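First the structure, in the form of structure tokens, and then the observations on it.
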Amino acid sequence: MFKTSPTFRQLYDQAKRLKEEREADLMRLKHPDPTLSGEIDELKRTMQLLVDAFRKAVPEGARQ
């Protein structure tokens, strides 16, 4: 049914990559940017939600 949908891992990796890009952008700026900080926080929350969803979706013994 969901053969073309991304896996939890793919979504997590994409969110992590975006978070790291935003953090690099923020470090290059001379003045803090609240918008970038907000995006970073939102990406961190998204990553945590993906971890929680994975833990609930996969039985304890089946995790690698």
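Laboratory data are not the source of any read-out in this text; all were calculated from the coordinates shown. Remember, predicted model here, so these are calculated numbers, not experimental data. Using ideal geometry, Cβ is built from the backbone for each residue, glycine included, and neighbour counts are taken over all protein chains shown.
General observations
- Under the combined filter of DSSP loop state and at most 14 neighbouring Cβ atoms within 10 Å, the range 7-64 retains these trypsin sites (Lys or Arg not before Pro): Lys30, Arg63.
- Per-residue Karplus couplings for the range 17-26, computed as 6.51 cos²θ - 1.76 cosθ + 1.60 with θ equal to phi - 60°, are listed in order as 4, 5, 4, 5, 5, 5, 5, 5, 4, 5 Hz, Gly and Pro entered as x.
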